[in-house]
Amino acid sequence: SKSKMKKKTTKTQEAKKILKKKFKVNTKIVFTEDGELVQQWPPVQKSSLAQADEEDDASGINLDKAKEILREEDKFDKEEYRKKVKEKHR
């Protein structure tokens, strides 16, 4: 009777299944009727360091490089935040 009982799958087991199938989760892309990209979540990294890092096939995580990439991305994020605030005040 125990072999017929199904075990409840845990969240980690479900996550592993999704990773095996290589689904892209937690992403949202919105297109116009013409097929042009309107919005993408999470936003694509804009810094040149991030693009160069993707091309490198070094194993492991380089913390110094990651800090530099985040600093550059912060510049873009701050600029966009300023634009949003200016639009809101108008």
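The figures follow:
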quantity: Rounded accessible area of Lys83 (nearest 10 Å², 1.4 Å probe); calculated: 120 Å²
quantity: Which of Asp64, Asp77 is most accessible, then next, and so on - probe 1.4 Å; calculated: Asp64, Asp77
quantity: Segment Glu14-Glu33, extension gain: residue separation times 0.36 nm, minus the distance between their alpha carbons; calculated: 3.4 nm
quantity: Extended-chain gain in nm, criterion 0.36 nm per residue less alpha-carbon gap, Lys65 and Arg90; calculated: 5.2 nm
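The values are calculated or read from the model by the stated rules, or taken from the named source; none is laboratory data. Everything numeric here is computed off the predicted structure, so don't read it as measured data. Surface accessibility is based on the protein's heavy atoms, side chains included, excluding ligands, DNA and RNA. Shrake-Rupley method; radii C 1.70, N 1.55, O 1.52, S 1.80 Å.
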